[in-house]
Each structure stands twice: as C-alpha cells, then as structure tokens.
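Chemist: Structure incoming, see below.
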Amino acid sequence: MDKQLLTSTIEKYYLGGIHEKVKWTIKDKKATILFTSATKDLAGSIEADGFDIDDCVLGIYDTNKLLKLVNITNQFVTLNVESKNGVSTKLNIADMEYDLTYHLADLRMMPMETMVLDESQITFNYQFDIDAEFIERYTKAKKALGSDEVKIQALFNDEDEKGIYFTLGGKTSHDDKISFMAPAPTFELPSSEYQYNANYLFEIFSENKGAEGVGYFDENGILKLEFKEDSIKALYYLPPKN
C-alpha cells in the first residue's frame, strides 16, 4: 500500500499526540478507528480503504512509536499481521529497505471504543464549508495569538448577510482578538456564542488541509466536522466549553 495512505490515516486520529491508544478494526480491506480524548472532549472516527491485510483487530498502544517506524519507510509498504491463538500480536511493515516489527497491545488493556454520537437526537442548524483558504485563515490566526479557545457564532452582518464567525483571542474587551467569517447561507436564526478548544481545531485542520470538509453545529453547540480525502473519511465531534 501507499505509505502516504498509512501515515495520513494515523495522523488524522493521532492529531499531534491527542490519541495514543486506539483499536484498528480491519474488515474487507477497510480500516475503522474510533477514538476519544482522555478528557472526553473530542471524539470521532477514521475510515480508510486500501488496507490489504486479512480481517483483524489491532491494539495500538503507542501511536507515536508506530508513526516513527512508518516514517522511515519508502513510498510503498506491505503490511502483515502475526497472530497467536486468534489474537493479533505483531504488525510487520516492510519496504524495499526495511523490515519493521511493531508489537501490538493486549486488547484487554485498550480503552473502550468510542460510541459515535447518535445524530438522530441532534439537528445541525448551522453549516460552513472548510476549504484550504478557511484552514489557512484559522492557522494564521491561531499562530498569531496562540489562543487556547476559539469562539464560534452564526450571525447576520451589517449587510444582512449570513455567516459563521470565528474569534480567537482574549476574553476581555482589552485583549487582542482576530475574527474572520465563513459564509453560511442556510441558517434561519443567529446562534448563541460557543467556545471550543482552539488547539484541537488547529490539529484537526492541519491534518485535513488537503481534504474537502464541512462543519456543523446545533443549538446546544455540538460541533461536527467531516472530511473526505481520497479513500479516507474523517469525523470529529467536539462539545462546547461554555
């Protein structure tokens, strides 16, 4: 398989170190990875086609170590899983130069899999597109201020145009702030202002900057982010901090 597919799949859930311990479920050449942050304020799933190994469940205890191993390989790699008594014990990764072995964790030591949010109980009234230009705006604003929180609100501007407004910066009127707007022509009423973990969003946008994305949130501030890039689908849920 293409090394880029493997690394991209890992990085989209790892998010710079937020999720280390996960289960990979491989079925019909598709990898499904569910994850939840240690503080329970970020959850989601990754689905990726093109994993040419037999159906199995892999316990990944140290994603950082796995990513370092994969990163030294060349463009194409082969994967092979060793099992003992029906339990996957080793993930072997090989290219034209290296034969690498990653020891898998006992699945009994792994965290419980995430329950994906029941969207039948949610109406996502607000929506915005996430493209390369949007991600660049967010990234520049985050790097400029280093804010830990970002405020999101659906508003009408002075020309009565609808938009989703993002504000990074301090909480008081005297603090530095950066705001920008994403077009959102579909909502009917302005929303309340919600605060989210700006660092989480920075990592999510950074790892999906080549994807087509859409963001949603409901009247209670549940934020949903969806991305599609080649054969990888990424889904993230964040509750508001306020």
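Chemist: Counting only residues that are crowded, with 18+ Cβ neighbours inside 10 Å and touching a Gly at 6+ places or on another chain (Cβ under 7 Å), which one in the stretch 183-222 is modelled with the lowest pLDDT?
Modeler: Step by step, filter the stretch 183-222, then rank; the result is Ala184.
Chemist: Which of the residues spanning the stretch 171-182 are in contact with a strand residue (DSSP E or B) (Cβ under 6 Å, 6 or more places away or on another chain) and surrounded by fewer than 15 Cβ atoms within 10 Å (Cβ to Cβ)?
Modeler: Result: Asp175, Asp176, Ser179.
Chemist: Could I ask something else about it? Within the bounds of the stretch 98-109, is there any residue that is surrounded by 15 or more Cβ atoms within 10 Å (Cβ to Cβ) and under 23 Å from the mean Cα position of the chain (by Cα)? Before the answer, list the steps.
Modeler: First, pick out the residues of the stretch 98-109 that are surrounded by 15 or more Cβ atoms within 10 Å (Cβ to Cβ): 100, 102, 104-105.
Keeping just the survivors that are under 23 Å from the mean Cα position of the chain (by Cα) gives 104-105.
Yes, because at least one residue in the stretch 98-109 is surrounded by 15 or more Cβ atoms within 10 Å (Cβ to Cβ) and under 23 Å from the mean Cα position of the chain (by Cα).
Chemist: Follow-up. When both residues are 6+ apart or on different chains and their Cβ atoms are under 9 Å apart, which pairs have a first residue that lies in the stretch 122-141 and is closer than 17 Å to Leu189 by Cβ, and a second that is in a helix (DSSP H, G or I)?
Modeler: Filtered contacts from the stretch 122-141: Phe128/Phe134.
Chemist: Within the stretch 86-97, restricting attention to residues that are among the aliphatic types (A, V, I, L, M) and closer than 18 Å to Val57 by Cβ, which residue is most open to solvent (accessible area, probe 1.4 Å)?
Modeler: By that ranking, first place goes to Val87.
Chemist: Return yes when Lys30 is of a type in the set (Lys, Arg), at pLDDT 95 or above and touching a strand residue (DSSP E or B) at 6+ places or on another chain (Cβ under 8 Å) and no when it is not.
Modeler: yes
Chemist: Which one of the conditions (1) assigned to a loop (DSSP other than H, G, I, E, B); (2) more than 20 Å from the chain's Cα centre (by Cα) does Thr167 fail to meet, given that it meets all the rest?
Modeler: Every condition holds for Thr167 apart from (1).
Chemist: Among the residues of the stretch 187-214, write down those that are touching an Asp or Glu at 6+ places or on another chain (Cβ under 8 Å), part of a strand (DSSP E or B) and not polar (S, T, N, Q).
Modeler: Tyr196, Glu212, Gly213, Val214
Chemist: Please work out which residue is nearest to the chain's Cα centre (by Cα), limiting yourself to the stretch 44-67 and to residues that are closer than 15 Å to Ser231 by Cβ and of a type in the set (Gly, Ala, Ser).
Modeler: The extreme case among them is Ser45.
Chemist: Could you list, in sequence order, all residues of the stretch 223-235 that are among the charged types (D, E, K, R), touching a residue at least 40 places away in the same chain (Cβ under 8 Å) and either closer than 20 Å to Asp118 by Cα or surrounded by 20 or more Cβ atoms within 10 Å (Cβ to Cβ) (or both)?
Modeler: Those that are among the charged types (D, E, K, R), touching a residue at least 40 places away in the same chain (Cβ under 8 Å) and either closer than 20 Å to Asp118 by Cα or surrounded by 20 or more Cβ atoms within 10 Å (Cβ to Cβ) (or both): Lys224, Lys233.
The values are calculated or read from the model by the stated rules, or taken from the named source; none is laboratory data. Worth saying up front: this structure is predicted, and the values here are computed from it rather than measured. In this analysis, Cβ positions are derived from the backbone assuming ideal geometry, glycine residues included, and neighbour counts consider all displayed protein chains. Heavy atoms of the whole protein, side chains included, go into the accessibility calculation; ligands, DNA and RNA do not. Shrake-Rupley method; radii C 1.70, N 1.55, O 1.52, S 1.80 Å.
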